[in-house]
1. Are there any pairs with C-beta distances below 6 angstrom linking a residue in the range B:96-125 that is under 13 Å from B:Val162 (Cα atoms) to a residue that is of a type in the set (Ser, Thr, Tyr) and surrounded by 16 or more Cβ atoms within 10 Å (Cβ to Cβ), with the two at least 6 apart or on different chains, and if so which?
2. A:Ala168 is checked against (1) closer than 29 Å to A:Cys29 by Cα; (2) in contact with a helix residue (DSSP H, G or I) (Cβ under 8 Å, 6 or more places away or on another chain); (3) in contact (Cβ under 8 Å) with a residue 24 or more places away in the chain and fails just one. What number does that condition carry?
3. Test of understanding: among A:Glu39, A:Glu118, A:Glu84, which residue is closer than 16 Å to A:Ala151 by Cβ and of a type in the set (Asp, Glu)?
4. Any chance the range A:257-265 includes a residue that's buried (at least 17 other Cβ atoms within 10 Å of the Cβ), under 30 Å from A:Val147 (Cα atoms), within 14 Å of chain B (Cβ to nearest Cβ) and of a type in the set (S, T, N, Q)?
5. With A:Gln158, A:Gln139 as the choices, which residue is closer than 25 Å to A:Lys222 by Cβ, assigned to a helix (DSSP H, G or I) and either touching a Lys or Arg at 6+ places or on another chain (Cβ under 8 Å) or not basic (Lys, Arg) (or both)?
6. One residue is enough: does the range B:232-240 have a residue meeting the conditions surrounded by fewer than 21 Cβ atoms within 10 Å (Cβ to Cβ), hydrophobic (A, V, I, L, M, F, W, C) and within 11 Å of another protein chain (Cβ to nearest Cβ)?
7. Return yes when B:Asp260 is within 14 Å of chain A (Cβ to nearest Cβ), among the acidic types (Asp, Glu) and surrounded by 17 or more Cβ atoms within 10 Å (Cβ to Cβ) and no when it is not.
8. Could you tell me whether any residue of the range B:160-179 is of a type in the set (Gly, Ala, Ser), in contact with a helix residue (DSSP H, G or I) (Cβ under 6 Å, 6 or more places away or on another chain), more than 14 Å from chain A (Cβ to nearest Cβ) and farther than 26 Å from B:Ala39 by Cβ?
Amino acid sequence: MKNTLKILALLALATLFRPAMADVNVFACEPEWGALTQELAGNKADIFVATNAHQDPHQIQARPSLISKLRRADLAVCTGAQLEIGWMPMLLQQSGNDKVQSGRPGNFQAALQVKMLEVPDSVSRALGDIHPDGNPHIQTDPRNIGVVAKALTARLEQIDPANASYYAAKGADFGKRWDAALARWEQQAKPLQGVRAVVHHDGWVYLFNWLGLVKAGELEPKPGVPPSAGHLAELKQELAGNPAKMVIYAAYQDSRSADWLSAQTGMPAVELPFSVGGTPGANDLFGLYQDTVDRLLKVLNK
Amino acid sequence: MKSKGLLLALCCAVPSLASAAGSNAFNPDVALVLSGTYAQLGHDPAKYTIPGFALSPDVSPGDRGFGLGESELALYSNIDPDWYGFFTASLDGNNTVSVENAFVQTTSLGHGLTIRGGRFFSGIGYLNEQHSHTWDFVDQPLAYRAFLGDQYKDDGVQARWVAPTDLYTEFGTEWLKGSNFPAGGNANNGRGAWSAFVHVGDDVGDSNSWRAGLSYLSTKSIDRLSVSVDPTLDDQFTGDNKLLVADFVWKWAPEGNAYDRNLRFQAEYLQNRSDGEFTPAGLSALPYKGTSSGWYMQAAYQFIHAWRIGLRHDQLNPYDGGSAFIGTVLDTQGHTPTRNSVMIDYTNSEFSRLRLQYNRDNSGTVADNQVFLQYIMSLGAHPAHMF
């Protein structure tokens, strides 16, 4: 009996020390980067995604499970541009992992690879929750995904040279499929050019830039400040003179304010996934943008 | 090394832009926490005691009326590829400036290891490491007030190791000078305290996460000062204190999205064994050897975006040293100190918070009603918070 207990105890202990089966342990801050890394690293990577598409990425806690996952990571793939400033620096500090610290090859920031939009000339918290490095929600434009993919492939080759040719092949294959998908979406989304839309939070500037949508207003009076009754009433008045076709909110946001404006103005409230997993159709990276385009087009076809 | 162009825009000053070029590019992050209270305290806080406990001269229920709380100035930055530095100065309403934290820590040892040196809050327990502007209540639990002088910080070295396990497991140990309450007098040639602690934590689904810990703090004191029955005088203690802390925190938010609703629950149990000599002011030394304990349980529930309500229960179980201590602060008077608190707070943004709190304080034998109105705000950069 005593020996059985000893063996059981050892087995139990052993399960805690699950050996890394994959060649690269990846810590992805947001689901889009997890999905992208999956496309590019295939079965060579064990990928942990820190957040899901129903969570506000600005408001994540630096909780124990994230610390232990980051501790074992070879590569951290995040947006950067201070999107994760509320939690990632604490995780980096507490992880005791030198490989993923800022500036190291194991710390990959997608925002550094793309052209940032809405970089402010000056910042003040009086203007709400603005990001000094520009609008960080770069994943809403799939062209950015293509650019980031190239840089991420290069980074994977750098930190795992043994599998470099595998990553190169995967990256090239993804690039071809992605370009084809981009062309298809752009063709489908042509009717959206010039369409005016209200947004809940200023998180869609890259999407609008890609599809030629025009921002007709924001439900938040300032970024990060919840929609107020006064501001919504003002917005309703402005739209009466210059109407929009829809009001857009992200899957992680409460739809109440969007629904209110929709009821007041007659234009539909549209939920967009914002990241992989946000809606049933956005089950992977390709689905994310296909579902986004589909949902936007559905408004026009009503 | 991050070169952060940091902008600090004060109310009427013209914001200046620090570009990547220019000597300002390597300026540390700067944050200033501003807080103040308006308090209505039934009993005179200058005469505050908890029967059965020798309290640090630095703790108090608060100031009556308007009071400037702690203004906390923090500067922090990467130092070079291997080191990170963190500094906070605490400026209180009485124009006392104290160095609250000043430490350097390693960033690139790897293998889950971090070493810290300087002045820092000890990593024992849960609340001990949390800066006051993150607290859910205006004041610390009675157990922290009694055993740790609200929050134990000291000078020394800390080593932490995160194990390579799926279940978050962290071990830590500290060697400390022993200058601050509950230590005192820099015993053992300035190595008067040490600690060891372990924390584990995990998620349960997407909506829940928890952390639990067990900690041990051993302190030596030489002529450690504490408040006497006459609050203008000090008692002294020379001897050892061995403190055991068990802590637990649980956080819930629907699907892990804390924006609209979330709940935090935490509880800690502290048990302290004292062995030494207690010298009441003006009297001769009394041998004091015994175990006292205390615990608290609190919950803060955000029921709608920006609004939270909190409840807390405190209890202390003093060691009864018998008739020898009658007339001193260690006379338990047959009383079990307890306190119940309720608070409601409004968090306009991550940077500003207003709070209203009511304590029914039974620390002493006569109950005290305490009401606090508090603001806690911060400007500048904002270091990410611990769990």
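1. B:Thr114/B:Thr106; B:Ile115/B:Thr106
2. (3)
3. A:Glu39
4. Looking for residues that are buried (at least 17 other Cβ atoms within 10 Å of the Cβ), under 30 Å from A:Val147 (Cα atoms), within 14 Å of chain B (Cβ to nearest Cβ) and of a type in the set (S, T, N, Q), one finds none in the range A:257-265, hence no.
5. Exactly one of A:Gln158, A:Gln139 is closer than 25 Å to A:Lys222 by Cβ, assigned to a helix (DSSP H, G or I) and either touching a Lys or Arg at 6+ places or on another chain (Cβ under 8 Å) or not basic (Lys, Arg) (or both), namely A:Gln139.
6. No.
7. On the way: within 14 Å of chain A (Cβ to nearest Cβ): yes; among the acidic types (Asp, Glu): yes; surrounded by 17 or more Cβ atoms within 10 Å (Cβ to Cβ): yes.
Against the criterion (within 14 Å of chain A (Cβ to nearest Cβ), among the acidic types (Asp, Glu) and surrounded by 17 or more Cβ atoms within 10 Å (Cβ to Cβ)), B:Asp260 qualifies.
8. Scanning the range B:160-179 turns up at least one residue that is of a type in the set (Gly, Ala, Ser), in contact with a helix residue (DSSP H, G or I) (Cβ under 6 Å, 6 or more places away or on another chain), more than 14 Å from chain A (Cβ to nearest Cβ) and farther than 26 Å from B:Ala39 by Cβ.
The values are calculated or read from the model by the stated rules, or taken from the named source; none is laboratory data. Remember, predicted model here, so these are calculated numbers, not experimental data. Methodologically, a virtual Cβ is constructed for each residue, glycine included, from the backbone with ideal geometry; neighbour enumeration extends over all protein chains shown.
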